[in-house]
1. Treating only the Cβ atoms of Lys and Arg (+1) and Asp and Glu (-1) as charged, compute the dipole magnitude of the stretch A:1-89 about its Cα centre; round to the nearest 20 debye.
2. Can you spot the lysines whose alpha carbon is less than 17 Å from residue B:133's alpha carbon? Ignore those fewer than 8 places along the same chain.
3. Applying the Karplus parametrisation 6.51 cos²θ - 1.76 cosθ + 1.60 with θ = phi - 60° to the phi angles of the stretch A:66-72, what ³J(HN,Hα) value in whole Hz is obtained for each residue in order, glycine and proline being reported as x?
4. For the stretch B:150-155, just list the computed ³J(HN,Hα) in residue order, Karplus coefficients 6.51, -1.76 and 1.60, θ = phi - 60°, integers in Hz, with x standing in for Gly and Pro.
5. Over the residues of the protein assembly as shown, compute the C-alpha Rg and express it relative to 2.2 N^0.38 Å.
6. Run lengths n ≥ 4 of DSSP H only: what is the helix-derived mean residue ellipticity at 222 nm for chain B, with -39500 (n - 2.57) per run over all residues, to the nearest 500?
7. Within a 10 angstrom radius of the beta carbon, how do B:305, A:10 rank from fewest other beta carbons to most?
8. Taking chain B on its own, what percent of its Cα-Cα pair distances exceed 42 Å?
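None of the figures in this text is laboratory data; all of them are computed from the coordinates on show. Being a predicted model, the structure only gives us computed values, none of them experimental. Heads up, the Cβs are rebuilt from the backbone with ideal geometry, glycines too, and the neighbour counts pull from every protein chain shown.
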Amino acid sequence: MVKVVLPGHLRTLAGVTGDIEIEVAGPPTTNSVLDALEARYPALCGTIRDQVTHQRRPFLRYFACEGDLSHDPPDAPLPAAVASGAEPLFIIGAIAGGAFPHRSECG
Amino acid sequence: MWAGGKGECGGGEFLSGWRGVVGLGSARIPINSTQGEAMSRVRVLVGTRKGAFILSSDGKRQHWEVSGPHFAGWPVYHAKGSPVDPNRIYASQSSDWFGQVIQRSNDGGKTWETPGGGVTKTPDGMPVGESNKYVYDTSAQTGKPLTTHQWYDGTQHPWEFKRVWHLEPSLTDPETVYAGVEDAALFRTTDGGHSWQEMAGLRGHGTGPKWQPGAGGLCLHTIVLDKDNPKRIFIAISAAGAFRTDDGGTNWKPINQGLRSQYIPDPNAEVGHCVHHMAMHPARPGVLFMQKHWDVMRSDNAGDLWTEVSGNLPTDFGFVIEVHAHEPETIYVVPIKSDGEHFPLDGQLRVYRSRKGGNEWEALTKGLPQRDCYVNVLRDAMAVDSLDKCGVYFGTTGGQVYASADAGDSWAPIVRDLPAVLSVEVQTLA
């Protein structure tokens, strides 16, 4: 079970409060988590990644375990702590400034 | 993208008895009206940079109920109700962060849904929502090659979907809606917004590489339907110009003859004109009015030829243009100082009305701020109701929505502290 933290606007759109726990078949990747998320909440289709190319929208970032996964291959396995549900995958709206530390040792 | 921030306008009084407070939920105001006036109601749909608002009144248009913000925090470019089923309202919710979302209401804006976007019971429980999916049609059977358009610097630029600017519900079918999008193209749904298909004949007209973005982007912002001829549609694009189809959208022709734009290499070019808005009276489908970047224009032959009717306007730059509900020769504009200074001349907010279809204009100022007003009125932010005494409404980038219940003779703000207003539509309800 993977935990996903959405920005407030997307929680409203999906009709959820708090974190989302979602089942993903096999080793979770960014793509497989988003596939499962969009399948359960179709209103989120196109809001995080392009509906056709599946490219991440430019003003969004993916963080986990104090690391920036935004530019990792979307089919790369997520950190073990995310896969186990110990740490969430954060989907964050980019605002301005500040470099997030590179991926920590938890992966 | 949107010129101007929140303006600080002096002057202007609240409509008598208005005590609403804009905020979450709705502020219900007691209505004291005669039975006859109460038979009619008006609903004003307002899109703003931070959500949608719905302003409701009885036919007297003196006491208003304000509901919103709906979709709080999101820009709502446009919201419009179906002429066939007024409780069916479509809204375009759009964000640079999260993309395009289509919202639909079946109860006059009390509740909303994303068509096809409900929560599924299981990961494969229902088809993935297509309501937010706008994909240019490049198929061999129905589409057109995805060519390039001109970028600001004159180079060619790939076509990329960004947002829906305008939603135009069908005049006959509440499930059918046309969507004008950026980068400029026309889409249509026939299933209530669940799925959208491009009407690719427009983008494939062949002049696409000459289309260029205006300051707001390469947007298709105006869609005018003809109630007498369902196969005829007019659209306008900034900055390409106006186009018309007479076969339901398969083939399109540019209708820009007579437009003159000194800021493009060929001022009389077939395409490339920055049309800001067009309006047409439903009873006279061949007569079109246009607010171009500069110049107010009219056509008496469905756009085949345009003539300038700016006449005595103090400036003929502006964005909105609208036609009186019962007087097809009475039109309204809001002159804006210039393309470099997007606010009224001399800090005086003035609507101009012509009762002769242009050329002779009168300033309408009663109730509007006549000093220190530096707001803008954007292209989709004026509308009329169809009550006996035609109501006229417009919204500003300073967050005011002004209403006139006497065809423009006098004005008062319904609300004055909304986020910047992007669009205003009006529904007259029996």
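1. 280
2. Filter leaves B:162.
3. Rounded to whole hertz, the list is 6, x, 9, 9, 4, 9, 6.
4. Listing the rounded values in order: 6, 8, 4, 8, x, 7 Hz.
5. 1.00
6. -500 deg cm²/dmol
7. Least to most surrounded, the residues fall as B:305, A:10.
8. 9
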